[in-house]
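We did not get these values from a lab; they are worked out from the coordinates using the rules stated. A quick note: this is a predicted structure, and the numbers were derived from the prediction, not measured. Cβ placement follows ideal geometry from the backbone for every residue including glycine, while neighbour counts extend to all protein chains displayed.
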Amino acid sequence: MDVYNSHFNARKEFRMQYRLRRHDGAYRWIDDTGIPRFDGNGAFLGYIGSCTDIHEYRKMQAELLRRLLENAELNRQADSAMLTAAIAHEIDQPLAGIVAMGAAGLRWLDKENPSIEKAKDALSGIVQAGRHAAEIIESLRRVSKQDNRTRVPLSVNTLIREVLTLAEIELQNHHVTLQTSLDETIPTVLADRIQLQQVMLNLIKNAIEAMTSIETNSRILHLKTELGASSNIVISVQDSGPGIEPENMARIFDRFFTTKPRGMGMGLAICRSIIEAHNGRLWAEAGDQGSIFRISLPCNP
Ligand SMILES: Nc1ncnc2c1ncn2[C@@H]1O[C@H](COP(=O)(O)OP(=O)(O)OP(=O)(O)O)[C@@H](O)[C@H]1O
Ligand SMILES: [Mg+2]
């Protein structure tokens, strides 16, 4: 009534929405508009107006809004499920290390002549692995929050050497021969060190797992760095395994896609999120033998 009276008295155009009781007693939402009319001399002649029943429309809008909010919530839940899965996946390795070092430490103490020194080594190994696990968790949080404050100019070759010291024992245990062709003249990239380490570790782990099905003397892992087109740095991880089934090629980067009995199917999905967060690309190709995973990253200007 306030809107109506104030506009009417000022002879102004109005528009309002309210509920009105229909003949059958049901309250319906109405869109009510009014436009004042004047004659040639400006004398007020009254209003021309319309009332439109917008009840169904309002109901639909409310439903749409509800669904929109529900979707946003589902997306948020999916993001946190993804983060949880990623953390579980990435700290599996340091956790296994912690357990192994703990067990070794206990064995050293249980001996007839216990070695305090060896037990201390095991304990510091545990501390280091625990810190590393915490770093990994932090770095994954940064990917999901798109926080890139920890990006620094990195030499990809140095990073690969660091990763190889971490993967060395696994490679030896699986009788994998390592070949590297690292171009020492390539420029640095702007990247998060821990995140990029995780990508390399995941690709190497996949390569090792793929090669368990072939003979031990033909297991070759080839790591290569080079300057690619439009000053991108290209890292290639090539193995001599059975390769990827063509029908799986389109799905290997999907979350939870795995062909391994004990796989989680998270490795490549995590790798791709990390590389894309660095404005790079990650893709797979079939090699002459085995598969090649390539990472392309913009070089640090
Ligand atoms: N180097 C490779 N050679 C052949 N197939 C591969 C290779 N890397 C990945 N794949 C295929 O892609 C799938 C998905 O890999 P991804 O790393 O995402 O998950 P996963 O290794 O199965 O499990 P996890 O979560 O433990 O990493 C693998 O199950 C495998 O079928
Ligand atoms: Mg994997």
Cβ-placed point charges (K, R +1; D, E -1), dipole of the chain about Cα centre in debye, nearest 20: 1120 debye
Acute angle (nearest 10 degrees) that the helix 156-173 long axis makes with the longest principal axis of the chain, alpha-carbon atoms: 60 degrees
For the stretch 124-255: relative contact order, % (alpha-carbon pairs under 8 angstrom, 6 or more apart): 25 percent
Positive-end residue, the chain charge dipole about Cα centroid, Cβ charges, pick of Ala96, Ile244, Ser139: Ser139
Part-to-part distance (alpha-carbon centres) for the stretch 166-216 and the stretch 1-39, which is given in Å: 72 Å
Farthest toward positive dipole pole in the stretch 146-301 [+1 Lys/Arg, -1 Asp/Glu at C-beta], among Phe256, Asn148, Leu201: Asn148
Between 0 and 90°, nearest 10: helix 116-145 axis offset from the chain longest Cα axis: 30 degrees
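Once the Cβ-Cβ distance between Arg141 and Thr188 is put in as r, and R0 is 22 Å, what FRET efficiency do you end up with, to the nearest 0.05? Before the final figure, lay out the partial values.
Numbers: r = 25 Å, r/R0 = 1.12.
Approximately 0.35, to the nearest 0.05.
Could you compute the FRET efficiency for Lys111 and Thr150, with r as their C-beta to C-beta distance and R0 at 30 Å, rounded to 0.05? Walk me through the numbers on the way to the answer.
On the way: r = 43 Å, r/R0 = 1.42.
Between Lys111 and Thr150 the formula returns 0.10.
Taking Cα pairs under 8 Å and at least six residues apart, what relative contact order does the chain come out at, in percent?
Numbers: 431 pairs, mean separation 35.4, N = 301.
After rounding, I find 12 percent.
Quickly estimate the mean residue ellipticity at 222 nm for the chain, helices only: each DSSP H run with n ≥ 4 gives -39500 (n - 2.57), and the total goes over all residues, rounded to 500.
Values: 7 runs with 141 residues, N = 301.
Dividing the helical sum by the residues of the chain leaves -16000 deg cm²/dmol.
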Residue-span extension gain [Glu209 to Phe38] - 0.36 nm each, minus C-alpha spacing: 53.1 nm
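Going highest first, how would you order 98-111, 150-163, 38-51 by mean Cβ packing within 10 Å? Walk me through the intermediate numbers first.
Details: 98-111: 14.2, 150-163: 16.4, 38-51: 9.8.
Result, highest mean Cβ count within 10 Å first: 150-163, 98-111, 38-51.
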Tilt relative to the chain, helix 193-211 - C-alpha long axis, 0 to 90 degrees, to 10: 60 degrees
